[in-house]
1. In degrees between 0 and 90, to the nearest 10, how far off the longest principal axis of the chain does helix 123-139 point, with axes built from Cα atoms?
2. Defining a contact as two alpha carbons under 8 Å apart and six or more residues distant in sequence, what relative contact order in percent does the range 63-126 show?
3. Can you give the FRET efficiency for residue 44 and residue 116, using 1/(1 + (r/R0)^6), R0 = 35 Å, r = Cβ-Cβ distance, to the nearest 0.05?
4. Place a +1 charge on the Cβ of each Lys and Arg in the range 39-140 and a -1 charge on the Cβ of each Asp and Glu, then give the dipole magnitude about the Cα centre in debye, rounded to the nearest 20.
5. Please list, in chain and number order, the residues 5+ apart from residue 108 or on another chain whose amide H is under 5 Å from its amide H, with Hs placed from the backbone.
6. Taking the Cβ of residue 37 as the centre, find all other residues whose Cβ is under 10 Å away and add up their charges (Lys, Arg: +1; Asp, Glu: -1).
Amino acid sequence: MAKQIKTSIIIEASREKIWGILTDFENYTEWNSFIKSISGELKVRNRIKIKVQGMTFKPIVLTLNQNTELKWLGNLWFRGLFDGEHKFYLTDNGNGTTNFEQSENFSGILVKILTKSLEKETKNGFEKMNKELKLRAETN
């Protein structure tokens, strides 16, 4: 079974500014209440370490397109049990604003069991982070 969560927000800032905030892992604690921390070298095929709401995982960076897209693949214990392909995507709207999209495609045998939690808690976490990113980008 597969499940997708997708959220987006319009931010009055450039893609470059937003990208700078997203990839400045050392300062996540200043603004991001959803992703508590990210560490490791941001490079395709590298493992990074991410802490979110009481859970730590070590996904592999799949895509890294400067100022546009960051995507990683993580899993719970082993591949196929509960996997998540997380993506940040930035689109320049051509008017001084940027559309920030955060999504995750979940797959694996535990997805069905965790669907309600994903729909509520994970989606709420994405939306809260989006708002916090907007606030940070528009006020700093």
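1. Approximately 20 degrees, to the nearest ten.
2. 25 percent
3. E(calc), rounded to 0.05, equals 0.55.
4. Value, rounded to 20: 400 debye.
5. 83
6. +2
The numbers here are math on the coordinates, done by the rules we state, and not lab data. These numbers come from a predicted model, not from an experiment. Cβ coordinates were reconstructed from backbone atoms using ideal geometry, including for glycine residues, and neighbour counts include every protein chain displayed.
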